[in-house]
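Notes follow the structure.
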Amino acid sequence: MQQILWFSLLAIGLAACGDGSRTLAGATPPAARPSDVTARQALDDRRGELVDPDASAMVFLYYQLAGIDPPIDEWIEQDLRVLSAPAIDKAARRTAVRAELGAAARAVQDVGVIHLTMNANLSDYDPSYGEFTIGALAPSSYVPFDAFRQKIALSFSNGRTAQIWSVPQDQAQAIRDQLGSGRDASLDVTVRITGVQPRPNGGAVLAAVMDYELRQRNTGQRIVRVQVADR
């Protein structure tokens, strides 16, 4: 009986050693892949900022983050200034548009932080949870940008946390009075880029909400400033 048990334990030990794909319970998990660490470091090193960027800036930013060369020649030919130019002027127009697109691409090379102003899409107060929900920051929400026939979405990677604005019940009514029945509030939000998600004819720039200010839309009065802990 002891011999059978010894052989059984030996077989288990050899199987565990021989299959590198298995991890024993309680063992230290493998370190992150170097490529993952490098990618995160590259994003953290981006120090530039964009304030309420236009659609073309977000398209160039997406292509840079995704490591894809944008089809500049195609975009030049689609430009109305080139399409509408007389044949004798087309070469000069192409040169001018190329220079303009090159400048736009260089302007976002180091961008890692984006500042946006948008409608907060604020819910009514939920007394059972003691919170408002900021619909604009929900995981399913995104900010659309459309340029060069490319559709880029700015999505919030920590939306589940960022959308919750916790307010004690004894303060909630005063906030509701300040907002009015329409809960018409604007949102000044700062996000840090965390990655990209390719899609057909464009893709998504993923970003974590760092902080935001909620303001009464008509007066611009600040209601609250929130630092989002979960990045």
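The values are calculated or read from the model by the stated rules, or taken from the named source; none is laboratory data. What you see is a predicted model, and the numbers here were worked out from it, not measured in a lab. Virtual Cβ from ideal backbone geometry, glycine too; neighbours counted across all protein chains shown. To get the accessible areas, we keep the full protein, side chains included, count just its heavy atoms, and leave off ligands, DNA and RNA. Shrake-Rupley method; radii C 1.70, N 1.55, O 1.52, S 1.80 Å.
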Quiz prompt | Given (1) under 30 Å from G67 (Cα atoms); (2) out of contact with any Leu (no Cβ under 8 Å at 6 or more places or on another chain); (3) open to solvent by less than 80 Å² (accessible area, probe 1.4 Å), number of the condition Q178 does not satisfy | solution = (1)
Quiz item: Within the bounds of segment 100-119, is there any residue that is touching a helix residue (DSSP H, G or I) at 6+ places or on another chain (Cβ under 7 Å), surrounded by fewer than 16 Cβ atoms within 10 Å (Cβ to Cβ), in contact (Cβ under 8 Å) with a residue 12 or more places away in the chain and over 18 Å from M58 (Cα atoms)?
Solution: yes
Practice problem: Identify the single condition in (1) over 24 Å from N201 (Cβ atoms); (2) surrounded by fewer than 17 Cβ atoms within 10 Å (Cβ to Cβ) that L122 does not satisfy, given that it satisfies every other one. | Solution: (2)
Quiz prompt | Checking T117 against (1) farther than 25 Å from N218 by Cβ; (2) touching an Asp or Glu at 6+ places or on another chain (Cβ under 8 Å), the condition it does not meet | solution = (1)
Quiz item: Looking at segment 207-225, is at least one residue more than 20 Å from V51 (Cα to Cα) and either assigned to a helix (DSSP H, G or I) or in contact (Cβ under 8 Å) with a residue 60 or more places away in the chain (or both)?
Solution: no
Exercise. Please enumerate the residues belonging to segment 129-156 that are surrounded by 19 or more Cβ atoms within 10 Å (Cβ to Cβ), assigned to a strand (DSSP E or B) and in contact with a Gly (Cβ under 7 Å, 6 or more places away or on another chain).
Key: Q150, I152
Exercise. May I ask you to list pairs of residues, at least six apart or on different chains, whose Cβ atoms are under 6 Å apart, with the first in segment 127-144 being more than 18 Å from D184 (Cα to Cα) and the second being open to solvent by less than 30 Å² (accessible area, probe 1.4 Å) and hydroxyl-bearing (S, T, Y)?
Key: Y142/S155
Quiz item: Which residue, of I76, I88, is open to solvent by 90 Å² or more (accessible area, probe 1.4 Å) and assigned to a helix (DSSP H, G or I)?
Solution: I88
Quiz item: Looking only at residues in segment 207-224 that are surrounded by fewer than 20 Cβ atoms within 10 Å (Cβ to Cβ) and at pLDDT 95 or above, which one is nearest to D146 (Cα to Cα)?
Solution: A208
